[in-house]
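Colleague: I am attaching a structure below and will ask some questions about it afterwards.
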Amino acid sequence: MLVPTGRGRGLLIATGAVCAALTMALHTRIPNGAVNLGSLFQTFLPWAGLSVPVLLVAAAVRRSRLAAVAVLAPLAVWGLLFGGTLADKRSGSGNFTVVSHNVDEDNPDPARTARALAASGADVLALEEMSSKATPFYERELAAGYPYRSDTLGVRLWSKHPLNGVEAVPIMPWTRAVRATVATPHGPVAVFAAHLASVRLTPDAGFTTDRRNDAARKLAAAVRAEPLDRVVVMGDFNGTADDSALRPVTSQLTSAQRAAGAGFGFTWPAPFPMVRIDQILVKGMSTTSSWTLPATGSDHLPVAASLRL
């Protein structure tokens, strides 16, 4: 049996560092195939940076200069991918604020969640996983500040401004998306609220995303056909902006968090957020700031963005 020498072990660590750098740099080329490996890796892509300290510690233990230098490769790639994300790009307030929140159909205290959303002061609220049992709590708590609402099931809009042209967007057999024109004092804005299909990670099927991806393509078609110039698309996408499978939607709009956020803005799971699967995407307007709101009792954090119309 051959035992690697100290130099050989350093070479092994260096090879691992190069592989980590290439995997991050070429993440869009990772095929999905039967288990959707590409989408799974892209969902947790920011966490790939953890390979850097692990490899650095290994290089230090082996006292390998080669390995230590090689670790600079994944560090540089991660920095290119996410260095700008860590910067605080918020630039004050706009004149149109939106909030999206998966309120969780099993939320134990919907009234408290509704009060927290009302306190946000947003012009428009997009709420997903609205159960029929919890709906009366939201209607009661939001009535004073949000006189206009959609009557759709599952996904609903509440607004301080009149809603026109409210209609369900057929992305799934049941209502999981809605579109409305918000008559703001600064002109009309098309607002889409969506809850894409859930994904599952199982040993036999891998990362199952087919229904979500199909819903994303249908949502993308609706956005592409939207006649208004100013568009907001928000909701629970069950996927991140890095997921190539969601590109039909994300390529048409700008992520509010990437444009004017501070950090990654992770939203799920609420007790210890690890991924941002709740999105606010915009077109035809600028984002002045983007942030997450405090936990409400849901398993997701609410997301907010201030826009300049």
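The values are calculated or read from the model by the stated rules, or taken from the named source; none is laboratory data. All figures in this text were calculated on a predicted structure; none of them were measured in a lab. So basically every Cβ, Gly included, is an ideal-geometry build from the backbone, and we count neighbours across all protein chains shown.
Colleague: Does Ser244 satisfy the criteria of being in the same structural domain as Leu117 (by TED's automatic domain parsing), closer than 25 Å to Leu201 by Cβ, over 12 Å from the mean Cα position of the chain (by Cα) and surrounded by fewer than 23 Cβ atoms within 10 Å (Cβ to Cβ)?
Modeller: Numbers: in the same structural domain as Leu117 (by TED's automatic domain parsing): yes; closer than 25 Å to Leu201 by Cβ: yes; over 12 Å from the mean Cα position of the chain (by Cα): yes; surrounded by fewer than 23 Cβ atoms within 10 Å (Cβ to Cβ): yes.
In short, yes.
Colleague: Return the only residue of Ala67, Ala73, Ala21 being surrounded by 19 or more Cβ atoms within 10 Å (Cβ to Cβ), touching a Phe, Trp or Tyr at 6+ places or on another chain (Cβ under 9 Å) and modelled with pLDDT of 90 or more.
Modeller: Values: Ala67 fails: touching a Phe, Trp or Tyr at 6+ places or on another chain (Cβ under 9 Å); Ala73 fails: touching a Phe, Trp or Tyr at 6+ places or on another chain (Cβ under 9 Å).
Testing whether each residue is surrounded by 19 or more Cβ atoms within 10 Å (Cβ to Cβ), touching a Phe, Trp or Tyr at 6+ places or on another chain (Cβ under 9 Å) and modelled with pLDDT of 90 or more leaves just Ala21.
Colleague: With respect to the numbered conditions (1) surrounded by fewer than 23 Cβ atoms within 10 Å (Cβ to Cβ); (2) touching a residue at least 40 places away in the same chain (Cβ under 8 Å); (3) touching a helix residue (DSSP H, G or I) at 6+ places or on another chain (Cβ under 8 Å), which one is the sole condition not fulfilled by Thr208?
Modeller: (3)
Colleague: For a quick check of your reading of the model, give me the residue pairs whose first member lies in segment 128-151 and is at positive phi, whose second is among the β-branched types (Val, Ile, Thr), with beta-carbon atoms closer than 9 Å and at least 6 apart or on different chains.
Modeller: Glu129/Val103; Glu129/Val155
Colleague: Out of the residues in segment 192-205 meeting the condition of being out of contact with any Leu (no Cβ under 8 Å at 6 or more places or on another chain) and surrounded by fewer than 17 Cβ atoms within 10 Å (Cβ to Cβ), tell me which one is modelled with the highest pLDDT.
Modeller: As a first pass, look at segment 192-205 and keep what is out of contact with any Leu (no Cβ under 8 Å at 6 or more places or on another chain): 195, 197-200, 202-205.
From the residues that got through so far, the ones that are surrounded by fewer than 17 Cβ atoms within 10 Å (Cβ to Cβ) too are 198, 200, 202-205.
Numbers: Ser198: 88, Arg200: 79, Thr202: 70, Pro203: 68, Asp204: 63, Ala205: 61.
The selected residue is Ser198.
Colleague: Sticking with this one: For Ala14, all conditions in the list (1) closer than 30 Å to Asp210 by Cα; (2) surrounded by 14 or more Cβ atoms within 10 Å (Cβ to Cβ) hold save one; what is the number of the exception?
Modeller: Here Ala14 clears every test but (1).
Colleague: Given the structure, is Val61 in a helix (DSSP H, G or I) and without any contact (Cβ under 8 Å) to a residue 24 or more places away in the chain?
Modeller: On the way: in a helix (DSSP H, G or I): yes; without any contact (Cβ under 8 Å) to a residue 24 or more places away in the chain: yes.
Criteria met by Val61.
Colleague: Also, I was wondering about something else. I'd like to check which strands (runs of 3 or more DSSP E) are fully inside segment 259-309 and have at least 2 residues that are more than 15 Å from Phe237 (Cα to Cα) and at pLDDT 95 or above.
Modeller: 286-292, 303-308
Colleague: Among the residues in segment 174-191, are any over 19 Å from the mean Cα position of the chain (by Cα), surrounded by fewer than 20 Cβ atoms within 10 Å (Cβ to Cβ) and under 30 Å from Leu37 (Cβ atoms)?
Modeller: Scanning segment 174-191 turns up at least one residue that is over 19 Å from the mean Cα position of the chain (by Cα), surrounded by fewer than 20 Cβ atoms within 10 Å (Cβ to Cβ) and under 30 Å from Leu37 (Cβ atoms).
Colleague: Another one. Tell me, yes or no, whether segment 219-233 has at least one residue that is in contact (Cβ under 8 Å) with a residue 12 or more places away in the chain, under 16 Å from the mean Cα position of the chain (by Cα), in the same structural domain as Ala190 (by TED's automatic domain parsing) and under 26 Å from Leu37 (Cα atoms).
Modeller: Within segment 219-233 (the criterion being in contact (Cβ under 8 Å) with a residue 12 or more places away in the chain, under 16 Å from the mean Cα position of the chain (by Cα), in the same structural domain as Ala190 (by TED's automatic domain parsing) and under 26 Å from Leu37 (Cα atoms)), the answer is yes, since at least one residue qualifies.
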